[in-house]
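See below for the structure under consideration.
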């Protein structure tokens with residue numbers, strides 16, 4: 001059986017006859033009922049790229065939304081995207 005690991009937890013992966021892949025997770029809801037949650041693998045969040053959007057240098061990001069390696073790259077991106085005066 002195929003598995004996928006997200007945030008340190010391993011989940012089984014189910015493939016349908018049409019080739020659609022789902023991650024299956026069992027849990028207990030607020031009323032104490034056992035539930036099974038199936039999520040499409042293509043809808044799960046993808047890992048953030050660890051390279052700068054301007055120069056391509058590797059980034060060691062403390063947060064997942066960091067796009068630039070240094071303030072100079074951030075300003076260069078801003079100057080390229082702003083409308084001409």
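The values are calculated or read from the model by the stated rules, or taken from the named source; none is laboratory data. If you're wondering where the values come from, they're calculated on a predicted model, not measured in any experiment. In this analysis, Cβ positions are derived from the backbone assuming ideal geometry, glycine residues included, and neighbour counts consider all displayed protein chains.
Collect the residues in the range 15-28 that are closer than 28 Å to residue 64 by Cβ and either under 20 Å from the mean Cα position of the chain (by Cα) or part of a loop (DSSP other than H, G, I, E, B) (or both), keeping them in residue-number order.
The answer is 20, 21, 22, 23, 24, 25.
Tell me, which residue of the range 33-52 that is surrounded by 10 or more Cβ atoms within 10 Å (Cβ to Cβ) and outside any strand (DSSP E or B) is modelled with the highest pLDDT?
If we take residues in the range 33-52 being surrounded by 10 or more Cβ atoms within 10 Å (Cβ to Cβ) and outside any strand (DSSP E or B), then 52 is modelled with the highest pLDDT.
Among the residues of the range 6-27, what is the count of those that are exposed (fewer than 11 other Cβ atoms within 10 Å of the Cβ) and either in contact (Cβ under 8 Å) with a residue 12 or more places away in the chain or in the same structural domain as residue 64 (by TED's automatic domain parsing) (or both)? Even if it seems obvious, please write down each step before you answer.
Quick first cut of the range 6-27, residues exposed (fewer than 11 other Cβ atoms within 10 Å of the Cβ) only: 7-10, 16-19, 26-27.
The next check asks that each one be either in contact (Cβ under 8 Å) with a residue 12 or more places away in the chain or in the same structural domain as residue 64 (by TED's automatic domain parsing) (or both); those that pass are none.
Result for the range 6-27: 0.
Residues 72, 30: which one is surrounded by 10 or more Cβ atoms within 10 Å (Cβ to Cβ) and at pLDDT 85 or above? Break it down stepwise before answering.
Values: 30 fails: surrounded by 10 or more Cβ atoms within 10 Å (Cβ to Cβ).
Going through 72, 30 in turn, just one is surrounded by 10 or more Cβ atoms within 10 Å (Cβ to Cβ) and at pLDDT 85 or above: 72.
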